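Each value in this text was obtained by applying a stated rule to the coordinates, not by laboratory testing. Everything quoted here is computed from the prediction, not taken from an experiment. As a convention, Cβ positions derive from the backbone with ideal geometry for all residues, glycine included, and neighbour counts pool all protein chains shown.
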Amino acid sequence: MPWKVTTPMMLRQEFVQLAETQTVPLSELCRRFGISRKTGYKVLARVQAQGPTGLADRSRQPHTSPAQTPAPLERALVALRQAHPAWGARKLRARLTALGQSRVPAASTITRILHRHGLIGAPARPPGPWRRFEAPVPNALWQMDFKGRVATLAGWGYPLTLLDDHSRYNLSLQILADQQRAGVQATLTASFRQYGLPDGLLVDNGSPWGHADTLWTRLTVWLVRVGSRVWHSRPYHPQTLGKDERFHRTLETELLGIQQWRDPAHCQVACDRWRSVYNTERPHEALGFAVPASRYRPSLRAFPEPLPPIVYPAGLAVRKVQSGGHCSFQGYGFTLPQAFTGCAIALRPTGCDGVYDVLFCHQEITQLNLRECYKV
């Protein structure tokens, strides 16, 4: 995976946050983070004994020490706003409360303070009139998309984002060299290994998860093969991926659009730091000003390594898709997207004469009407 830059402090923080949910056994969580159980227990013991400062390397001070640097509330508010220029009064108030500040003023008072210090910018765009669907639990649905491209002095980078629909937790923010399948699949594999599998992924209709003539590509076939489902947004309706689109707007406002980048690696370092703030510090208005990490839990379904064999229920007709996507059944020929070449598919009767559901693993990929097929 290109330009992956993550500090030990950030990894330890995320490990502790996920371990506290007790969703998966600690041994499984340690395996996903690539550490031994002994190391995992040591990190948790340090946090229990020392609090958040136990996550830092022994030879360095923690990134923030609010208890050691007390200051008047107004100075703290101004410093927080300067660190996060895109945060409004309500977000700042929620964050100050979360940081343990007592007698935090009302949002209107905070607005006056920001005006007094010249820290008020243009008003935010009002929300759209539609009501967005929300998945009922973490990992029921992830949203994935590219945020266009970002310019650097050394060339273009392509930010790929992965967001949990229920919690708004950002599972991955990677600056890739292109928008091809290899980089996307490597990013997804790393996320699956760390967080487990989602029940489904929502993507748009563009490359690499769709083409003009088909929504089945090598990438979407692989996603179903590892045990997830794939849904595509409605064409020309970006609001279907509304949470990820909103995340992109926040990313642009708070990071990508306010700095010049030397190269994609420079941008990746900043994205890794910003992602940690977004997940664990930045109050989210849609969550009642909680942080996404407070609602996220890792998946109970581990990434399958190696992939298990494909097994269909007894009674279904199983066929192997030949070169070019060609397949035959009961003397009739039909064609599937070429991404299924070499795969075993199954045909399930629908109850309507001559009409069958075509299945790949656990997902229905199309419906076949023998009356519309050609004789072989």
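With neighbour counts taken as other beta-carbon atoms within 10 Å, the residues Tyr169, Tyr278 rank, fewest first, as Tyr278, Tyr169. Treating cross-link reach as a plain straight distance, find the lysines whose alpha-carbon is under 27 Å from the alpha-carbon of Lys147, omitting any fewer than eight places away in the same chain. Lys147 reaches Lys4, Lys91, Lys243. Straight-line reach from Lys320: taking Cα to Cα under 30 Å and skipping same-chain neighbours fewer than 8 places apart, the lysines in range are Lys375.
Amide hydrogen proximity for Leu162: with H placed 1.01 Å from N in the peptide plane, the residues at 5 or more positions away or on another chain lying under 5 Å are Leu171, Ser172. Here the dipole of the chain is about 1100 debye; that uses its Cα centre as origin and unit charges on the Cβ of Lys and Arg (positive) and Asp and Glu (negative).
Ranking of Lys375, Lys91, Lys320 by neighbouring Cβ atoms within 10 Å, starting from the fewest: Lys375, Lys320, Lys91. Among Arg31, Arg116, Arg90, the largest mean-square fluctuation in a Gaussian network model of the chain (Cα springs under 10 Å) belongs to Arg116.
Shown here for the range 237-314: trypsin sites (Lys or Arg not before Pro) in loop regions (DSSP other than H, G, I, E, B) with at most 14 other Cβ atoms within 10 Å, namely Arg262. Charge tally for Ala344 (other residues, Cβ to Cβ under 13 Å; Lys, Arg +1; Asp, Glu -1): +3. One way to sum up the overall shape of the range 156-255 is the equivalent ellipsoid from its Cα gyration tensor, whose semi-axes run 19, 17, 15 Å, largest first.
Here the spin labels are modelled as points 7 Å beyond Cα on the Cα-Cβ line, and at Ile258 and Thr7 they lie 1.8 nm apart.
In terms of the Cα gyration tensor, with a ≥ b ≥ c the square roots of its eigenvalues, is the range 192-326 rounded because a/c is under 1.5, prolate because a/b exceeds b/c, or oblate? Since a/c reaches 1.5 and a/b is larger than b/c, the shape of the range 192-326 is classed as prolate. Close amide-amide hydrogen proximity is noted between Thr350 and Val355, Asp357, each under 5 Å apart and 5 or more residues distant or on a separate chain (H modeled in the peptide plane; Pro and chain starts excluded). Is the shape of the chain rounded, prolate or oblate, going by the alpha carbon gyration tensor and its root eigenvalues a ≥ b ≥ c, with a/c under 1.5 for rounded and a/b larger than b/c for prolate? Prolate, since a/c reaches 1.5 and a/b exceeds b/c. Highest mean packing first, where packing is the average number of other Cβ atoms within 10 Å per residue, the peptides 308-319, 153-164 line up as 153-164, 308-319.
In straight-distance terms, cross-link reach from Lys42 covers every one of the aspartates and glutamates whose alpha-carbon lies under 18 Å from its own, apart from those fewer than eight places away in the same chain; here that gives Glu14, Glu20, Glu28, Asp57. Here's how it looks for Val230: its modeled amide H is under 5 Å from those of Leu201, which are all 5 or more places away or on a different chain. Each residue in Glu252, Glu134, Glu14 was given a count of other beta-carbon atoms within 10 angstrom of its own, and listing them fewest first yields Glu134, Glu252, Glu14.
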